[in-house]
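The values are calculated or read from the model by the stated rules, or taken from the named source; none is laboratory data. None of the values given here were measured: they were computed from a predicted structure. Using ideal geometry, Cβ is built from the backbone for each residue, glycine included, and neighbour counts are taken over all protein chains shown. Areas reflect the complete protein model, heavy atoms only, side chains present, ligands, DNA and RNA absent. Shrake-Rupley method; radii C 1.70, N 1.55, O 1.52, S 1.80 Å.
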Amino acid sequence: MAHLGLVGIGVMGSAFALNLAENGHDVSMLDRTKDKMSAVAHEATTAGLRGALSGFLDPKEFLSSLLTPKTVLILVPAGGPLDAVIASLKPHLSRGDILADLGNSNWEETERRGADLDPFGIRFLGMGISGGADGARHGPSIMAGGSPDSWSALEGPLKDAAATFEGEPCCAWFGPGGSGHFIKMLHNGIEYADMQLIAEAYGLMRDGLGMDAAATGDVFEGWMNGPLNSYLIEIAAEVCRASDPKTGNAMLDMIHDAAGQKGTGRWSVIEALHLGAATSMMVAAVEARNISADWDARQAFEERFGSGAGKLSDDRSVFLKRLETAMLAAKVGAYTQGFNVLARASDTFGWGLDLAAIARVWRAGCIIRSVMLDEISDAFEANPGGDLAQAPIFAERLASGATSLRETVVAGISANHAMPSFGAALNYYNLRRTGRGTANMIQGLRDRFGAHSFERIDDRGVFSNGPWHRSD
């Protein structure tokens, strides 16, 4: 009898099945394609993995091969395909059995599925898993949500399969319901902002300084020697330096500039708006992808208004040094926004999220892993309810990097470069450090046209209307 069941033997599912087998777990697989399961099982046998992999085409036979209570991991596309899998398994499940969704599901759908299965005694977990196919095979970051007793039944094998950082598994349970998928969603929102910053930095170097792809790769590699050390910066250098086997050109120069997305960045922005939290850098990243995808309109705009992105007047070495400092300050903004949303969600939904533990889980295996996450976990350990940007190390980076951030944005904008994410980082910083802003004008206007009332600065807590509402 197998320890675990795994439904969906695609790229991620096959990689995770091999990971579990390598760690000594016997796994039953369920998929519509027998050949895929046979290939994965053969690979496990050939590699001498400790666990056995067995394939099934029929849900009932698949579930009969599992130890009781039955524990099933599901790695299929979110939405309809996932619901179809659950519907096919449900008639053959008993009270106490566990289903765990490891896909990129919307957290509210995870809550709905859990509520639908609860009357039947079927336990449901929603787990965010990050790291792509390579992470699934060799150790992903795993963020679980659901009932604690369900987690205890899966904790062992999942921690075996997870990435580790200094011997600690990057795998944890964080709270009830959809909390795990919510955390994964925000991970991806931060990832969107981080990737957009890298893309904008690349554009400044390519179009503003006239650097070729290999030279920009050298810059990214150099950043790996400092506080910007991260997986995304590392692979940015790799992408820049790769050659196209077909043409011999830089591979990056042959890639069509229309970015795809699967929705998690957009969901992050929507949820933040519902929670009243700022995610301007994620908004900028999502909008930049939306505009990039509208390729025909961009060509028409260029024909009508002319091409932008001119040369920068700054000395190259001076600008690159400034850009590195600006990037660091901007990343502080992106992480601050992401963790502020998580904190707001935790308070609103009563999840009790441990922000330091979330940062620790992201230190290895996931896409946004970086040396900064170790510092973030330390900051939240020292002050669990604090604002990340005001933790000593990050406050210093903002204070020392603000000038570079401003000068980088000014230089880029002055040369007609699009800098939505860097610009959002600068505006976020300026808005938050403005003790007396301009929202008094907004409140005045709201009161004038809608009698919404406002607080006076000399009588806080008391709401009143302006003189424009007097009838005399």
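Observations, loosely collected:
- Within segment 275-299, backbone nitrogen closer than 13 Å to the virtual label 7 Å beyond the Cα of LEU431 toward Cβ: 276-284
- Pairwise Cα distances in segment 262-329 exceed 19 Å in 60 percent of cases.
- For segment 148-156, Karplus couplings with θ = phi - 60° (6.51, -1.76, 1.60), whole Hz, Gly/Pro x: x, 5, 5, 4, 4, 6, 10, 4, x
- Of the residues PHE165, PHE305, PHE120, ranked by 1.4 Å probe accessible area with the largest first, the sequence reads PHE305, PHE120, PHE165.
- For segment 62-193: span of alpha carbons on each principal axis (Å, largest first): 40, 28, 24
- For the chain, the fraction of C-alpha pairs more than 40 angstrom apart is 30%.
- Förster radius 25 Å - calculated FRET efficiency between ALA382 and GLU155 (Cβ-Cβ, nearest 0.05): 0.35
- Theoretical gain in end-to-end length, GLU108 to GLN390 [0.36 nm per residue, Cα-Cα removed]: 98.4 nm
- Applying 0.36 nm per residue to the separation of PHE120 and LYS311 and subtracting their alpha-carbon distance, the gain on full extension is 62.3 nm.
- Label point distance in nm, MET441-ILE291, each placed 7 Å from Cα along Cα→Cβ: 2.3 nm
- Remark on MET419: its backbone amide H falls under 5 Å from none of the residues 5 or more positions apart or on other chains, H modelled at 1.01 Å from N.
- Using θ = phi - 60° in the Karplus curve 6.51 cos²θ - 1.76 cosθ + 1.60, the 3J(HN,Hα) couplings for segment 416-428 round to 6, 8, 7, 9, x, 7, 4, x, 5, 4, 5, 5, 4 Hz; x is entered for Gly and Pro.
- Over the chain, dividing the summed -39,500 (n - 2.57) contributions of all DSSP H runs of at least 4 residues by the number of residues returns a 222 nm mean residue ellipticity of -17500 deg cm²/dmol.
- Mean Cα-pair separation over length for segment 211-280, i.e. relative contact order, pairs under 8 Å, 6 or more apart, %: 23 percent
- Dipole in debye (nearest 20) - the chain, about Cα centre, beta carbon charges: Lys, Arg +1; Asp, Glu -1: 600 debye
- Spacing of the modelled spin labels on SER414 and ALA214, each 7 Å from Cα toward Cβ, amounts to 3.2 nm.
- With the charge dipole of the chain set up from +1 on Lys and Arg Cβ and -1 on Asp and Glu Cβ about the Cα centre, the Cα lying farthest toward the positive end among the listed residues GLY10, ASN430, PHE319 is that of ASN430.
- Close amide H pairs (under 5 Å, H built 1.01 Å from N) link GLY178 with GLU111, residues at least 5 positions away or on another chain.
- Segment 46-145 - percent relative contact order, Cα under 8 Å, separation 6 or more: 22 percent
- Extension gain, VAL318 to HIS274, is 11.7 nm, computed as 0.36 nm per intervening residue step minus the present C-alpha separation.
- Relative contact order, whole percent, for segment 273-388 stands at 26, derived from Cα pairs under 8 Å and 6 or more residues apart.
- Note on segment 402-472: Rg/Rh from C-alpha atoms, Kirkwood Rh, equals 1.22.
- Taking the 1.4 Å solvent-accessible surface of the chain as the whole, the part contributed by carbon and sulfur is 52%.
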